[in-house]
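Structure record follows, encoded as structure tokens.
The values are calculated or read from the model by the stated rules, or taken from the named source; none is laboratory data. Being a predicted model, the structure only gives us computed values, none of them experimental. Here Cβ is always computed from backbone atoms with ideal geometry, including for glycine, and neighbour counts include all displayed protein chains. For the accessible areas, the whole protein counts, side chains as well, though only heavy atoms, and no ligand, DNA or RNA atoms are used. Shrake-Rupley method; radii C 1.70, N 1.55, O 1.52, S 1.80 Å.
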Amino acid sequence: MHNVSEGALIAALTRPPIPDPTRPLISDPPKPLIPDPTVLPGIAPPTSRAPSPVRALLRPDVRGKFIFADDQKLFVCGVTYGAFRPDAAGREYQDLPAIERDFARMAGCGVNTVRIPHTMPERPLLDAARRQGLRVMVGLSAEQYVGFLIDGKKDVAEIAEIVRAKVRTCAGHRALLCYSLGNEIPAPIARWLGRRKIERYLERLYRVVKEEDPGALVTYVNYPTTEYLQLPFLDLVCFNVYLESKDRFDSYLARLQNIAGNRPLMMSELGLDSLRNGEDAQARSLDFQVRAAFAAGCAGAFVFSWTDEWHRHGGDVEDWAFGLTRADRSPKPALQAAREAFAQLPFPRNRRWPRISVVVCTYNGARTIRDCLDALEQLDYPDYEVIVVDDGSTDATAAIAREYDCLLIQTENRGLASARNTGLQAATGEIVAYIDDDAYPDPHWLNYLASTFLNTPHAAVGGPNLPPSEDGSIAECVAHAPGGPVHVLLTDSEAEHIPGCNMAFRKRCLEEIGGFDAQFRAAGDDVDVCWRLQEKGWTLGFSPAAMVWHHRRNSVVTYWKQQTGYGRAEAMLERKWPQKYNGPGHVRWAGRLYGNGLMYALGWRRPRVYHGVWGAAPYQSLYQPAPTLVGSLPQMPEWYLLIVFLIALSALSLFWSPLGVALPLLIGAIFPLLAQACLSAVRAPFATESPGNGGVRLGPRTLTAVLHLLQPLARLRGRLKEGLTPWRTRGTLQRAPLWPTKISLWTKRWQTPEQRLHFLHAALRAEGACVRLGGEHDRWDLEVRSGALGAARLLMGVEDVPGGQLIRLRLWPHVAAAGPLLAGLFAALTVAALADHAWLAAAILGLFSFLGALRTIAQGTSSMGALSRALQQLCGERH
């Protein structure tokens, strides 16, 4: 689903040479000092070599998809620097006056970060960067030691000590942006060792860095050839990407954002060779690459490189020229392009932005709405209004809202969907954005939403919602429990569902479908509105950088109530959208779910890496198999009903001993439930458990496992209260054939088979039937399902004859295998119990068998009856 077309991505620019990790740098004689470079436009050279005043650099930290220094968002505008010819002692960055001049000119061109890719910089370089107000991304060169693992010259522990010594040299320095564990471990080496060994190797080094410098940010610089590496422990995700086509670049950025998840994504290298493509083409390419990277929500981008002076493997590299400046430091047109792009982040200031109405629906939200409204006042967006709809609150919500510059609308309590419609009616913007009263947005939330609307035809756009770190340990556990607001993606940029706490709509589209369905008072309204928009033929978009912080429930009791309410909403949605649900009442998502708290699905199928023939594919991806039905069963609320049923059978063993076999079955049913909960809790990424913070804490993970066990039970309770039961039947028991039937119709009215099938589909939907059309591989065209056990199917054949069409129809009942199997099993057990004179056990088992058979018949006749009535309507329309 998320694969980027190989053909579209192979047309990548020729890369700079990849360094040989096993070949040491050759010490050459010191290179003569380069003459004082040409002064760059608008930048005065240093008048002396005296240090400049030190600029204040606060240590950065990660907050969701972005990097912050104190309360200021830090967009990393960077260049790579080096490698240069080393001196006789092997020092690469030995010419401090030249470094100081380069850093001063970088700062004057809007650069705020320097990346040192391959060689650990000494502290004087970091001091020089700090004097110029620059931060430094420090490379620890893990890729250079991987060969030792293969040859057995060093083990991971020895390499870890080398890295530890490097980190000690600059730990805590104010100019430090982050450590990069390594740069592009070669794809053949990663394939040789296997991805898991590489992942464990990098994780070990990550922990070493955190032990030596607990507050530091740590990353690894990856590239498309080893995209498959799973490194969830990293603080931020970095990729080197060289693509000349804007469409391909944008497409791959969307893929990388989904790989990064809730962490910042940085382009650690991008650029174009001016030697092969020309300096003007380099400038144009860099302009769109830098702007596209930040518009796609990247936290930073590094241009490769500052200068054409580049030294590798004992010689100067002269067959390409990626620098913003030439080897003598004279500027290229690309420098001005990068400077202008860096000055207009994340979007150009002169862009025409649509007016947006932000609607906050609240009910007794006094505890959190102040945070929401404070953040809305700080949005960096030129044209927006805030509308607060108070849905009959009895606390101080309205009084708090009056303190802010917003339109307050107070109504009686009519539910969430009604409040959303009230906000829609009052909105004056062409886009209407909704945020919950217990959420607050990133400063550029509206910019990213609006940019997606401006560049796509989507009717609605959503973004991620992240739990704030300051909410406490219980809220963090709830954030890693299932049932939270997640988005469902069909592709890397198109959504099937966007959560209600962070969603925006074109106002005309939302009005055309009649707004929100007022029957959804507490939940389910967002799912319903997404499906109705898609039913109209519109699409939904997803912007990974349009981020809001969403408080999770901070107690087990409130989490239980929330999940019970979601269960009731599921039942309401199933009644309205039966075609979206399967027989047991579970939604059929076509896309993939993303977000915190997703359950770990048990299974035996391992993910596979696409390497290409001889491992030569330029984009090597990890393919995760979809969870099997068996592996997903413990996540379903009905699994608890199975456990209750096995408990009842075990109790019956007191009256008939052969039923004692139910006890091991009961244990077998409980084990996967516990295994799924424990594995999900173990894999949850707790932010407070970094190596510098004391490591793994058992208490929060235990509570997370308990929540994984409680969530399906709460959903089951809500579903049962609202009538969504496994034994429900749509329709009533009626006279209808339970055997295959054929019908032939002649009509003078010509229509395509698709038109006739859609007529039947509409007629069945109007009756409230659960109906779906057949797929590409099905030998039936339409199915009507009345429950988990019984359905009816139809096959249509249309033949053109003189004067009209001959329509041939075949319909037959379809019984799920589970119904006859269970009824037969209980019938056999009944006979066996009677033979043993276990009368009570035989009576109960016989009742189970009879009820199962009756339920199967009832659902089958109901389905056949609904289909027959629809065919009668078709007969009435045939003339």
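Details
- With respect to the stated conditions, Gln132 fails to be farther than 28 Å from Ala299 by Cβ, crowded, with 17+ Cβ neighbours inside 10 Å and of a type in the set (S, T, N, Q).
- Members of the stretch 321-360 that are out of contact with any Asp or Glu (no Cβ under 9 Å at 6 or more places or on another chain), over 30 Å from Leu424 (Cα atoms) and not hydrophobic (A, V, I, L, M, F, W, C): Ser330, Pro331, Gln336, Arg339, Gln344
- Among (1) open to solvent by less than 60 Å² (accessible area, probe 1.4 Å); (2) farther than 30 Å from Ala763 by Cβ; (3) small (Gly, Ala, Ser); (4) modelled with pLDDT of 85 or more - the single one Ala823 does not satisfy: (4)
- Flag if Ala792 is within 26 Å of Met636 (Cα to Cα) and part of a loop (DSSP other than H, G, I, E, B): no
- Residue, nearest to the chain's Cα centre (by Cα), within the stretch 447-465, restricted to residues that are surrounded by fewer than 22 Cβ atoms within 10 Å (Cβ to Cβ) and outside any helix (DSSP H, G or I): Thr456
- Among residues of the stretch 494-509 that are acidic (Asp, Glu), those with a beta-carbon under 6 Å from a residue that is in a strand (DSSP E or B) at least six positions away or on a different chain give the pairs Glu496/Val488.
- Which numbered condition Leu720 misses (of (1) surrounded by 19 or more Cβ atoms within 10 Å (Cβ to Cβ); (2) within 39 Å of the chain's Cα centre (by Cα); (3) at pLDDT 80 or above): (1)
- From the list Tyr404, Tyr363, Tyr381, the lone residue that is farther than 28 Å from Leu540 by Cα, among the hydroxyl-bearing types (Ser, Thr, Tyr) and open to solvent by 10 Å² or more (accessible area, probe 1.4 Å) is Tyr404.
- Within the stretch 415-430, the set of residues being open to solvent by 10 Å² or more (accessible area, probe 1.4 Å) and touching a Phe, Trp or Tyr at 6+ places or on another chain (Cβ under 6 Å) comprises Asn421 only.
- Scanning the stretch 562-586 for residues that are without any contact (Cβ under 8 Å) to a residue 60 or more places away in the chain and within 13 Å of Asp528 (Cα to Cα) turns up Leu573, Lys576, Trp577, Lys580.
- Selection status of Ala399, of a type in the set (A, V, I, L, M) and surrounded by fewer than 16 Cβ atoms within 10 Å (Cβ to Cβ): yes
- Residues of the stretch 802-820 classified as in a loop (DSSP other than H, G, I, E, B), free of Cβ contacts under 8 Å to residues at least 60 places away in the same chain and open to solvent by less than 50 Å² (accessible area, probe 1.4 Å), total: 0
- Residues that are open to solvent by 10 Å² or more (accessible area, probe 1.4 Å), in contact with a Phe, Trp or Tyr (Cβ under 6 Å, 6 or more places away or on another chain) and in contact (Cβ under 8 Å) with a residue 12 or more places away in the chain do not occur anywhere in the stretch 135-155.
- Residues located in the stretch 196-229, provided they are aliphatic (A, V, I, L, M), under 24 Å from Thr169 (Cβ atoms) and either open to solvent by 10 Å² or more (accessible area, probe 1.4 Å) or not in a helix (DSSP H, G or I) (or both): Ala216, Leu217, Val218, Val221
- Residue match in the stretch 250-262 (condition: of a type in the set (Phe, Trp, Tyr) and within 30 Å of Arg85 (Cα to Cα)): no
- For the stretch 612-650, a tally of residues being at pLDDT below 75, within 22 Å of Leu674 (Cα to Cα) and exposed (fewer than 14 other Cβ atoms within 10 Å of the Cβ) returns 4.
- Among the conditions (1) crowded, with 16+ Cβ neighbours inside 10 Å; (2) not in a helix (DSSP H, G or I); (3) not hydroxyl-bearing (Ser, Thr, Tyr), the only one that Ala832 does not satisfy is (2).
- Residue ID - surrounded by the most Cβ atoms within 10 Å (Cβ to Cβ), chosen from residues in the stretch 110-129 that are in a loop (DSSP other than H, G, I, E, B) and within 35 Å of the chain's Cα centre (by Cα): Val111
- Residues in the stretch 68-95 that are touching a helix residue (DSSP H, G or I) at 6+ places or on another chain (Cβ under 6 Å) and either open to solvent by 20 Å² or more (accessible area, probe 1.4 Å) or at pLDDT below 95 (or both): Tyr93 alone.
- The stretch 230-256: number of residues that are over 21 Å from Leu177 (Cα atoms) and open to solvent by 10 Å² or more (accessible area, probe 1.4 Å): 10
- Residue count for the stretch 629-658, restricted to those that are small (Gly, Ala, Ser) and over 21 Å from Thr830 (Cα atoms): 2
- Taking the stretch 790-801 as the range and being within 15 Å of Leu764 (Cβ to Cβ), open to solvent by 30 Å² or more (accessible area, probe 1.4 Å) and in contact (Cβ under 8 Å) with a residue 40 or more places away in the chain as the test, no residue passes.
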